[in-house]
1. Tell me, in nm to one decimal, what length is gained between residue 105 and residue 6 on full extension, where the rule is 0.36 nm per residue of separation less the Cα-Cα distance?
2. Please arrange 114, 120 by how many other C-beta atoms lie within 10 Å of their C-beta, fewest to most.
3. How much length, in nm to one decimal, is gained on full extension between residue 112 and residue 36, taken as 0.36 nm per residue of separation minus their Cα-Cα distance?
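A short reminder: the numbers here are calculations on the coordinates, not readings from a lab. These numbers come from a predicted model, not from an experiment. Because the Cβ atoms are built from the backbone with ideal geometry, glycine has one as well, and the counts that use them run over all protein chains shown.
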């Protein structure tokens, strides 16, 4: 890993610990390190990339570097898979909720079409 990348992560770590992920600013980090914010974007194209790198580093420090990855897989790989993949319970729940909502909409449309067809095909009352 490059020295600049390490410096960015070293400066970002206490900021995230003190202010949370939302308190992380590429401009402020660049000022603190003494580089341009474009240099941070070179190493970490998005704030999410920097956050994922910090999470990987924290997981390695907490678990000695190997056990967590062996039990739960690489956190970066899990983030790359995205929500809804196997092992992501919240994503699975969101997927089920979307499927349920879609099915409900289909049923409602079908019922509406049926009722509309019935009302238009009924003989006029005399």
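1. Taking 0.36 nm per residue and subtracting the Cα distance, the gain is 30.6 nm.
2. Numbers: 114 10, 120 7.
Final ranking by Cβ density, sparse to dense: 120, 114.
3. Working: separation 76, 0.36 × 76 = 27.36 nm, distance 5.92 nm.
The residue 112-residue 36 span can extend by a further 21.4 nm.
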